[in-house]
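One structure below.
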Amino acid sequence: MITFPVLSLIIFLPLLGALLMFCVRGDEKSVTDNVKSIALVTTLVVFALSVYMFTGFDKSSADFQFVEKFDWLPALGSSYKMGVDGISIFFVLLSTLLTPICILASWESIKKRVREYMMAFLLLETMMIGMFCALDFVLFYVFFEGVLLPMFFIIGVWGGERRVYAAFKFFLYTLLGSVLMLLAILLIYHQSGTMDIPTLMQASLPPGIQKWLWLAFMVSFAVKIPMWPVHTWLPDAHVEAPTAGSVILAGILLKMGGYGFLRISLPMLPEASEYFIPLIFSLSVIAVIYTSLVALVQEDIKKLIAYSSVANMGFVTIGIFSVTTQGMQGAMFQMLSHGIVVSALFLCVGVVYDRLHTLEIARYGGLVNNMPRYATVFMIFMLASIGLPGTSGFVGEFLVLIGVYQVSTLVAFLTATGVILGAAYMLYLYKRVVFGELTKADVRAMTDINAREVAIFVPLIALVFWMGIYPSSFINPMAPAIEKVITRYNDANAISIPQGAYP
Amino acid sequence: MEVIAVFSPLLGALIAGLFSKQLGAKGANFVTCAMITLAAVCSLILFKEISLEKVPRTIELFTWISSGALNVSWALRFDQLAAVMVVVVNLISYAVHYYSVDYMRNDDARARFMSYMSLFTFAMLMLVTSDNFVQLFFGWEGVGLMSYLLIGFWNKKESANNAAIKAFVINRIGDFGMVLGIMAVFFVFGTLNYDDVFINVASKKDTVVLFLGHQFNVINLICALLFVGAMGKSAQLGLHTWLSDATECPTPVSALIHAATMVTAGVFMVARMSPLYEYAEPVREFITVLGAMTAFVAATIAMTQFDIKRVIAYSTMSQLGYMFFALGVSAYGAAVFHLFTHAFFKALLFLGAGSVIHAMSGEQDMRKMGGLYRLIPRTYIMMWIGNLALVGVPFFAGYYSKDIILESSYAAHSFVGQFAYWVGIAAAFMTAFYSWRLLFLTFHGKSRVSHHVLENVRESSLDMLAPLYFLAAGAVCAGWWGYDFFVGEYRFDFWGSSLFVLADNDSILHARYVPEWVKLLPTFIGCMGILTAYIFYIKSTSLPEKIAGASGVIYSFLCHKWYFDELYNKIVVVPIFFIGKKLWKIGDEKIIDGIHFSGARVKGIRKK
């Protein structure tokens, strides 16, 4: 049993690290070296703590654990309340894993304002973990918004040529969603008189209001995931963001939308959720097919992977709103798997970008000849991304399809076409970048991945296979919490098992 | 024992792949060959225990996916059918491994090559020993991946890369059907384990479900969807275009793909699902017709090709057609029997062709060969044996297996059975023709070999020939040895419960009572085909050109493989890229960004 307030420690240790950096003095070189070390050590300690917390996590319980509560804003019915269940703990782990990897990935590629950069990342980590752990709506909102700022600066300051345009586009889209969410939160408080998320997850709001609330939340989450047609900020943001920014963006930030649907929309607004399922299914199916087609014709590596993200996240929303055991577990699993795989893919892009400073696919070709190790690594993640059995990508996709088939064969059919298109655009990308004759002089001069880069990729590769071959380590702990959401949804909608009820 | 038979190729692949630097090429060769030998020996012992002494078993390794009612494990199911397949896969792979050592000796990446081949074998072994649909799919996609990597092995070549992508994507189209089929199985039966599904088939045979808004009988629906997967993997008409392009790969890989580890997966899958397919009469009728047409179309194309490997590749497709229409008339034993014999002689033919190509310094065009029999006599004899077995000359392997297929389809007493029989006869004629056309063009007649190639023509070393002798022994003996077990009097004992046939559908049984001429006709027609080839390519060598010239349109139609590639390119590939481009440029950039972002175009953030 863990007796100290481990959650708060995990959340605020990065913030402490950031403050520490602020105090570092000396000439520029030593400051740079010191802040890098501080960042790496802090994030690694946080990761170790979160793993330690996971070992003390009761995997058979659906309840929130490690709960900490202090009164905070009694006037608003709000308190400082943190806790994790089988759903959020995995997102915490994902965040704490990816942050040190991001620090490592930025080790040499970030040259200017290193101190500020590292501070932004640590601040970002605090905000992300806080968001996944918050059990109070005010806190949730503060963290949800808090993520936005460091990300905005990471893109806007350390990004590429069109970074300002991309940063503002990202900011405006997400801000639009946030405003609606704030209104919805206030309305919920007005209706129920509490900001406590676990309480609200069991409360029943009037169906009429539910629909409006649902739409307001949906806009906010849909932008984050992103769903079609509010996805166009993502390719721009990715292209301009530095590698580590893309990793966090795709690895964690997109998951905030899926997490929101799981934590808020379904349990708090079950009737409205049921009402809007066709809408979600339609948008998601469009996302899968439309963005896959668009990905096929991209000429920029990062844009292609960004579009593939949208398609992959389409599977997630479909899985969540199938509200079946397999579908929702699949969606959760797909989010975790995607978090690792897409991060690794962006890191792969970062490797070649650091060497050639271009994202244009046509500038590459033949890398297998001078970068064989890199070719292997890239190949593994590409295969995981197209859902090859034995890798993590397969389990999520497969479970989602199994789940949604029980609800609608049409949606399953259309979604499954994404499997074909996914293979096509990824293999086509891989061929153009890695295979072929090595003809270009600047490409020939590129060197294979070094020890630091290997250290980044090895844990991710291990995870991809672990999740693909023995996914039970991940599915079992999340099962009770997901079952709780499903039970709650079915009770509210008085649904017995919907076997074959739909075409 | 079971674990060793399946996992030793994986171990070999991992060692050779991960430590290629430390081991060097020699070490990698040694490790992979040793491991595959071990697997082959184990599989022979298992075959003896399981098939001949009848002790099938299933070994569960550990849980794979467990989600709600869905519960599947990694498992090795060794029943009679799996035992046969494991023997085929391991033996052929064993021969191909040894052959590759010498064949690839000048390639820098041969450690990687050997590693891929072992991994390919492993994927196929997982496929055939699965005891649930998900692991089947694991192997199914696994062989797809490995074929992608091996077809594109020479990854500097643009054509090889394109062929590899084509193979993978077309297979994925098949897998798309397969996945839907698996989902339908889970939806209807609530489980994905073979035994639990097969037990309940009879009770569900009249159930009707909705699929895409239409009513379907569940068994028909499941079988049809699964069959789409088989079409892709086994290159049946419609999803076959990847197979001939796949000859871009190094020749040993072709042998592996065509004989053991890839295209046979579809045949195996349908045989494995015989408890389902038995209750899906309409689907089996469709399979019969499609199989027959595949046999026919592929044979017509094979007659016009000049690339030695493409001829053999189309012959594979044609032979797969035979296997499928055997499945269609419920002659599962006959189909697997043909799979078994075909594995030996097709591997022999491909490795023999590899030996020819090797001698010819890489030339594959038969128009630039001729008169080689004196220069490479051993290879020549091996190719004769392979072709004799393929055509079904009496007492060679193909004679037994192809004839039982044709007799069964005749004996099925259905319209589609009759159709398959006669189309099969026509294809048999063409098979004989193109096989001897290949022999005559390559080995006989005047030499058309260019001068500097001729100087280097040398018989292959014993290292390469020994695997050929081994396979030739199989091509001679597999038929008469296996006949009684696979389709003859001991067949019920031999198969146990691994194949399921409804009593009314037992066409192999009825095949005993067909008229004598039905049995003799295939052999007769085969000899006619050989004779025709003799007239065309030895007697009056101007005849082929005259006929090609006289039948201009038909000839170019066949030459262009019925224009499947051109058609698909026009109606699928080009439009998809076009739509993608439009969605991106107009959908995303004009419409969506136009609407959402026009309001936000304040100064300073205008799009550059």
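Filter the stretch B:329-386 for residues that are more than 22 Å from the chain's Cα centre (by Cα) and basic (Lys, Arg); which is nearest to B:SER447 (Cα to Cα)? That would be B:LYS368.
For B:ASP484, the requirement of being in contact (Cβ under 8 Å) with a residue 60 or more places away in the chain and under 27 Å from the mean Cα position of the chain (by Cα) is not met. Scanning the stretch A:297-329 for residues that are of a type in the set (A, V, I, L, M), surrounded by 24 or more Cβ atoms within 10 Å (Cβ to Cβ) and within 10 Å of another protein chain (Cβ to nearest Cβ) returns a single hit, A:MET328.
Selection of the stretch A:277-289 for residues being open to solvent by less than 20 Å² (accessible area, probe 1.4 Å) and closer than 23 Å to B:ILE586 by Cα yields A:SER284, A:VAL285, A:ALA287, A:VAL288.
Quick grid of which residues meet (1) polar (S, T, N, Q); (2) in contact with a strand residue (DSSP E or B) (Cβ under 8 Å, 6 or more places away or on another chain):
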{"site": "B:VAL3", "(1), (2)": "no, yes"}
{"site": "B:MET35", "(1), (2)": "no, no"}
{"site": "B:ILE50", "(1), (2)": "no, yes"}
{"site": "B:VAL55", "(1), (2)": "no, no"}
{"site": "B:SER66", "(1), (2)": "yes, yes"}
{"site": "B:SER73", "(1), (2)": "yes, yes"}
{"site": "B:PHE78", "(1), (2)": "no, yes"}
{"site": "B:VAL101", "(1), (2)": "no, no"}
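Give the residues of the stretch B:185-212 that are more than 7 Å from every other protein chain (Cβ to nearest Cβ), open to solvent by less than 30 Å² (accessible area, probe 1.4 Å) and of a type in the set (A, V, I, L, M, F, W, C), sorted by residue number. Those that are more than 7 Å from every other protein chain (Cβ to nearest Cβ), open to solvent by less than 30 Å² (accessible area, probe 1.4 Å) and of a type in the set (A, V, I, L, M, F, W, C): B:VAL185, B:VAL188, B:PHE189, B:LEU192, B:VAL197, B:VAL201.
Checked against the criterion of being open to solvent by 80 Å² or more (accessible area, probe 1.4 Å), more than 17 Å from A:LEU97 (Cα to Cα) and assigned to a helix (DSSP H, G or I), the stretch A:34-45 contains not a single residue that satisfies it. Within the stretch A:381-405, the set of residues being at the interface with chain B (Cβ under 7 Å from one of its Cβ atoms) and within 13 Å of B:ILE182 (Cβ to Cβ) comprises A:PRO389, A:LEU399, A:LEU401, A:ILE402, A:TYR405. Annotation note: of B:ALA5, B:ALA28, the sole residue that is crowded, with 16+ Cβ neighbours inside 10 Å, under 23 Å from B:PHE470 (Cβ atoms), in contact with a Cys (Cβ under 7 Å, 6 or more places away or on another chain) and hydrophobic (A, V, I, L, M, F, W, C) is B:ALA5. For the stretch B:122-137, the set of residues classified as out of contact with any Lys or Arg (no Cβ under 9 Å at 6 or more places or on another chain) and more than 9 Å from B:TRP74 (Cβ to Cβ) consists of B:PHE122, B:ALA123, B:MET124, B:LEU125, B:LEU127, B:PHE133, B:VAL134, B:PHE137, listed by residue number.
If you go through the stretch A:99-146, how many residues are touching a residue at least 60 places away in the same chain (Cβ under 8 Å) and over 16 Å from the mean Cα position of the chain (by Cα)?
Of the residues in the stretch A:99-146, the ones touching a residue at least 60 places away in the same chain (Cβ under 8 Å) are A:99-110, A:114-115, A:118-119, A:121-126, A:128-139, A:144.
In the following step, the residues that additionally are over 16 Å from the mean Cα position of the chain (by Cα) were identified as A:103-110, A:114-115, A:118-119, A:122-123, A:134-139.
Number satisfying all stated conditions: 20.
The set of residues from the stretch B:492-541 being free of Cβ contacts under 8 Å to residues at least 60 places away in the same chain and either over 30 Å from B:GLN80 (Cα atoms) or among the small types (Gly, Ala, Ser) (or both) comprises B:ALA503, B:PRO515, B:GLU516, B:TRP517, B:LEU520, B:PHE524, B:LEU531, B:ILE535, B:LYS539, B:SER540.
Scanning the stretch B:514-573 for residues that are outside any helix (DSSP H, G or I) and within 28 Å of the chain's Cα centre (by Cα) yields one hit, B:HIS560. Scan the stretch B:162-173 for residues that are within 15 Å of B:VAL253 (Cα to Cα) and either assigned to a loop (DSSP other than H, G, I, E, B) or facing chain A (nearest Cβ under 7 Å) (or both) and report the count. Count: 0.
Just to be sure before I move on: is B:PHE176 facing chain A (nearest Cβ under 8 Å) and touching a strand residue (DSSP E or B) at 6+ places or on another chain (Cβ under 8 Å) in the structure I sent? So B:PHE176 fails the test.
To keep it simple, each residue is scored yes or no on (1) surrounded by fewer than 18 Cβ atoms within 10 Å (Cβ to Cβ); (2) part of a helix (DSSP H, G or I).
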position	(1), (2)
B:ARG378	yes, yes
B:MET382	no, yes
B:ASN387	no, yes
B:LEU390	no, yes
B:TYR410	no, yes
B:GLN418	yes, yes
B:SER435	no, yes
B:PHE440	no, yes
B:ARG448	yes, no
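Mind checking which helices (runs of 4 or more DSSP H) fall wholly inside the stretch B:40-158 and carry at least 1 residues that are surrounded by 24 or more Cβ atoms within 10 Å (Cβ to Cβ) and within 11 Å of chain A (Cβ to nearest Cβ)? Working first, answer last.
Numbers: elements: B:80-103, B:110-128, B:133-151.
Passing ranges, in order: B:110-128, B:133-151.
Can you tell me which of B:VAL336, B:VAL253, B:VAL311 is part of a helix (DSSP H, G or I), assigned by TED's automatic domain parsing to the domain that holds B:MET85, farther than 22 Å from B:HIS358 by Cβ and touching a residue at least 60 places away in the same chain (Cβ under 8 Å)? Lay out the reasoning, then the answer.
Numbers: B:VAL253 fails: farther than 22 Å from B:HIS358 by Cβ; B:VAL311 fails: farther than 22 Å from B:HIS358 by Cβ.
One residue alone meets the criteria, B:VAL336.
Out of B:LEU509, B:LEU531, B:LEU521, one residue alone is modelled with pLDDT under 85 and in the same structural domain as B:LEU91 (by TED's automatic domain parsing). It is B:LEU509. Within the stretch A:140-169, being open to solvent by less than 10 Å² (accessible area, probe 1.4 Å) and more than 14 Å from chain B (Cβ to nearest Cβ) holds for A:PHE140, A:PHE144, A:VAL147, A:LEU148, A:PRO150, A:MET151, A:ILE154.
Report yes if some residue within the stretch A:129-138 is aromatic (Phe, Trp, Tyr), assigned to a helix (DSSP H, G or I), under 22 Å from A:SER220 (Cβ atoms) and out of contact with any Asp or Glu (no Cβ under 9 Å at 6 or more places or on another chain); otherwise report no. Looking for residues that are aromatic (Phe, Trp, Tyr), assigned to a helix (DSSP H, G or I), under 22 Å from A:SER220 (Cβ atoms) and out of contact with any Asp or Glu (no Cβ under 9 Å at 6 or more places or on another chain), one finds at least one in the stretch A:129-138, hence yes.
Answer yes or no: is there a residue in the stretch A:209-217 that is among the basic types (Lys, Arg), crowded, with 23+ Cβ neighbours inside 10 Å and more than 27 Å from A:GLY83 (Cα to Cα). Among the residues of the stretch A:209-217, not one is among the basic types (Lys, Arg), crowded, with 23+ Cβ neighbours inside 10 Å and more than 27 Å from A:GLY83 (Cα to Cα), which makes the answer no. Looking only at the stretch A:439-461, count how many residues are open to solvent by 60 Å² or more (accessible area, probe 1.4 Å) and at pLDDT 90 or above. Count: 1.
Selection of the stretch A:228-276 for residues being away from chain B (no Cβ under 14 Å) and open to solvent by 10 Å² or more (accessible area, probe 1.4 Å) yields A:PRO242, A:THR243, A:GLU271, A:GLU274, A:TYR275, A:PHE276.
The values are calculated or read from the model by the stated rules, or taken from the named source; none is laboratory data. These numbers come from a predicted model, not from an experiment. When we count neighbours, we look across all protein chains shown, and the Cβ atoms used for this are built from the backbone with ideal geometry, even at glycine. The accessibility values were calculated without ligands, DNA or RNA, using every heavy atom of the protein model including side chains. Shrake-Rupley method; radii C 1.70, N 1.55, O 1.52, S 1.80 Å.
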